[in-house]
Each structure stands twice: as structure tokens, then as C-alpha cells.
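Enquirer: Pasting in a structure now, in C-alpha cells, and then I'll have a few things to ask.
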Amino acid sequence: MKLYSAGDKSKAICETCQDMVETTFLYRDVPFDDGTGKVKDILASVCDRCGEVVAIPAQSLPAIRRAREKVEVSLEAQVPASDIEILDAAATRISERASVRHRKFLLAFYVRKMARDPQGAERIKQLFLEAKAAKPKAKVKVPRKRLSFKVSHDFEEEFAAFAKISGLKKTQVLRGVVREIRSDLVAPEYPASLPQLRELVATMES
Amino acid sequence: MTKKVGFKEAKRRAIEALRNKTYQIEERQEIETKNLLYGNTVSEEDVIEIIIKCRGQDHEMQPHHMVKTVDVHILRKDGWYIKFYFLDPETFFLSVHR
């Protein structure tokens with residue numbers, strides 16, 4: 001891995017100068033283009049002619065990713081109380097100290113897993129239809145409860161993209177994911193995913 | 001002036017730059033949040049995997065819109081859109097989108 005130092009020279013294409021320019025690596029505060037803040041004091045390639053930031057070296061990406069993580073948005077949905085019970089049951093399987101944040105961890109884990117699966121969009125549609133069709137045995141009204149999480153901007157974007165390609169609303173995706181958690185983690189006596197999830201949670205909590 | 005680089009060489013150099021983290025990302029004064037390399041959802045390894053899968057028909061070359069002598073390489077694969085160019089010895093990524 002090549003690390004640049006402040007003062008090192010490079011070149012880049014500068015939007016302001018509309019030309020290929022000589023640059024110098026300098027520490028700069030660089031804003032996000034969506035107005036959610038800025039990353040302070042990262043090494044950036046700065047145009048020697050106009051003084052604008054023209055490129056970001058790979059070594060500055062971890063700092064940008066950390067700053068991006070801090071930008072949180074709300075993800076909210078009204079779901080049947082039974083969905084919350086499934087999430088809580090799954091949470092108690094992955095941690096002895098199960099709490100609300102384990103619900104978020106589980107949803108994030110399964111959403112990301114399914115979003116990266118080429119068949120994920122089709123599967124989530126099927127799962128949502130199953131969840132919608134599942135009725136209580138007796139004719140009783142199941143109350144709806146609010147699920148609310150603070151999630152990173154990146155996760156929200158991935159979640160929204162997954163909902164879009166699936167043709168589902170966000171609440172419908174969440175319901176499908178809960179259905180997946182039920183069959184993958186709650187229903188089986190020895191779930192195949194359990195050792196990996198316990199390990200992940202234990203690492204996060206250590 | 002930049003040396004003409006064909007698909008296979010462009011692919012090799014892009015993978016090498018990602019693997020060794022020797023690349024830069026072209027910016028216009030701000031961090032373009034849509035570029036997935038800035039986020040936590042996509043790693044360099046994920047992008048390498050996509051590039052490895054690319055064949056000649058997934059590749060296109062266009063002159064850079066500002067500096068016409070620079071060839072921009074565009075890869076489209078499985079819904080991914082990856083755009084980069086070389087200013088020797090540097091590799092610059094313009095876009096990693098999905």
C-alpha cells in the first residue's frame with residue numbers, strides 16, 4: 001500500500017481549471033455533496049493552480065467511511081406485534097443480553113445478505129406474500145407496533161435500493177425479512193446461521 | 001498525454017490499484033456520496049470481484065469529457081457501473097455505482 005504524505009506531488013484532472021493539473025497532497029475539510037456534513041482534516045489532492053480539492057487518495061477512505069457512519073437516519077415501520085415477537089425471539093438466540101439493538105443488527109444482517117443475493121429481490125417478494133397470507137388461527141386482531149431504528153446513511157440507501165428493485169414498500173421488505181429470520185433462525189432447532197451470528201455479536205460486544 | 005491502454009491491461013491495472021489501495025477518486029470539491037467506494041456497503045474486494053467478471057463486451061472506452069487525450073474506461077456488469085482512467089502512474093476512479 002502506497003501512502004502519500006502532506007506535500008507529496010501528483011497530478012489530476014481539475015473541474016475548475018478544466019485541465020490536467022499538478023497537485024499537492026494537503027489536509028483539507030471536505031464536505032459531502034448531499035449536505036450531511038463534512039469530513040475534517042483528510043489528506044486530499046489539491047490543485048496547484050486553483051487550490052480546490054480534485055481527488056481523494058484511497059488512504060483517506062476509512063476516515064470518510066467513519067464520518068459517513070455517524071450520519072444516521074430513521075427507519076420506521078408499523079408491523080404486526082407478531083413480527084416484533086419473532087425479532088425478539090431471534091435476538092435471544094444470538095445473545096444472552098438481547099436488547100432492542102439486536103433487532104436492528106438482525107434486520108441489517110438479513111437485509112444486506114438478501115440485497116446481495118441475485119435472487120434476493122424475487123425471494124423477498126415471495127416472503128412478503130407469505131407474511132401477508134399468514135393469519136392467526138383464531139379470529140383475533142393482532143395489534144400493530146412501531147419498529148424504529150437509527151441506521152447509517154449507507155444502510156438506508158442499500159435498503160431503499162433493495163426495496164426499489166423488489167417493487168416493494170419499505171415496510172413490506174421489513175415484513176419479508178422478518179419472515180426470513182423466522183424460517184432461518186427461529187423455527188429450526190439448530191439454525192445453520194446461528195454460530196456465525198453469535199460470533200459476530202460476541203465480537204461486536206467485546 | 002497518456003498511453004493507450006486496452007481492456008485487458010485496464011482491467012489488470014484497476015484490480016491492482018484496488019488491491020494495493022493505490023488508487024485515487026476524482027472529485028469536484030465535494031465527496032460524491034453516490035460513489036459506493038466511499039460507503040461501508042461495498043469494499044474494494046467486492047469491486048475487484050465485479051471487475052474480474054467483466055469481459056470485453058462489458059467494456060467501453062470514451063475520452064474524458066474535459067481532457068480528451070485521457071481515455072475513460074467504463075465497465076457495466078450485473079447492474080454495476082464502474083468508470084476509471086489512468087494518469088501514469090496513478091489510477092483514478094470516477095464512479096462505482098449500482
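Enquirer: To the nearest 20 Debye, how big is the dipole of chain B about its Cα centre, given +1 on the beta carbon of each Lys and Arg and -1 on that of each Asp and Glu?
Expert: 360 debye
Enquirer: Of all alpha-carbon pairs in the protein assembly as shown, indicate the percentage at a distance above 32 angstrom.
Expert: That tail contains 38 percent of the Cα-Cα pairs.
Enquirer: Using 0.36 nm per residue, how much length does the chain from A:Thr203 to A:Glu76 gain when fully extended, once their Cα-Cα distance is taken away?
Expert: Computed gain between A:Thr203 and A:Glu76 is 43.0 nm.
Enquirer: Need one value for B:16-24: mean number of C-beta atoms belonging to other chains within 10 Å of its residues' C-beta atoms.
Expert: Mean inter-chain Cβ contacts per residue within 10 Å come to 5.
Enquirer: Counting only trypsin sites (Lys or Arg not before Pro) that sit in a DSSP loop (anything but H, G, I, E, B) with at most 16 other Cβ atoms within 10 Å, what is the longest stretch of chain A containing none of them?
Expert: A:50-96
Enquirer: Which of A:Gly120, A:Pro188, A:Ile86 sits farthest toward the positive end of the charge dipole of segment A:73-205, with +1 on the Cβ of Lys and Arg and -1 on the Cβ of Asp and Glu?
Expert: Highest projection toward the positive end goes to A:Ile86.
Enquirer: Another question about this same structure. Helix A:120-133 versus the longest principal axis of chain A: what is the Cα-based angle in degrees, 0 to 90, to the nearest 10?
Expert: Roughly 30 degrees, rounded to the nearest 10.
Enquirer: How much net charge surrounds A:Arg146 when only the other residues with a Cβ under 15 Å from the Cβ of A:Arg146 are counted, with Lys and Arg +1 and Asp and Glu -1?
Expert: +3
Enquirer: Helix A:170-181 sits at what angle to the longest principal axis of chain A, using alpha carbons and giving 0 to 90 degrees rounded to 10?
Expert: Once rounded, one gets 60 degrees.
Enquirer: Let me ask something else. Going 7 Å from the Cα of A:Asp19 toward and past its Cβ, which residues in segment B:63-85 have a backbone nitrogen under 14 Å from where you end up?
Expert: Residues B:67-68 qualify, since their backbone N sits under 14 Å from the label point.
Enquirer: Also, I was wondering about something else. Given the options B:Tyr38, B:Ile82, B:Gln57, identify the residue whose Cα lies farthest towards the positive end of the charge dipole of segment B:7-97 (+1 on Cβ of Lys, Arg; -1 on Cβ of Asp, Glu).
Expert: Highest projection toward the positive end goes to B:Gln57.
Enquirer: Here is a follow-up. Given charges of +1 on the Cβ of Lys and Arg and -1 on the Cβ of Asp and Glu, with all other atoms neutral, how large is the dipole of the protein assembly as shown about its Cα centre, in debye to the nearest 20?
Expert: 1400 debye
Enquirer: Now for a different question. Cα centroid distance between segment B:12-26 and segment A:153-186, in Å?
Expert: 32 Å
Enquirer: Quick one: what Rg and Dmax do you get for segment A:73-205 from the alpha carbons, in Å?
Expert: Both quantities, over Cα of segment A:73-205: 14.3, 43 Å.
Enquirer: State which stretch of chain A is the longest one without any exposed GluC sites (Glu not before Pro), exposure meaning a DSSP loop state and at most 11 other Cβ atoms within 10 Å.
Expert: Longest site-free region, per DSSP loop and neighbour criteria: A:1-95.
Enquirer: What is the mean number of Cβ atoms from other protein chains located within 10 Å of the Cβ atom of each residue in peptide A:48-57, rounded to a whole number?
Expert: Partner-chain Cβ atoms within 10 Å, mean over residues of A:48-57: 4.
Enquirer: Can you give me the Kirkwood hydrodynamic radius for chain B, using every pair of distinct Cα atoms, in Å to one decimal?
Expert: Computed over chain B, the radius equals 13.5 Å.
Enquirer: Under a point spin-label approximation (7 Å from Cα along Cα-to-Cβ), what is the A:Ala160-A:Glu122 distance to one decimal in nm?
Expert: For A:Ala160 paired with A:Glu122, the spin-label model returns 2.8 nm.
FYI, it's all coordinate maths here, none of it is from the lab. Fair warning: this is a prediction, and the values are worked out from it, not measured in the lab. Here the Cβ is made from the backbone with ideal geometry for all residues, glycine too, and neighbour counts use every protein chain on show.
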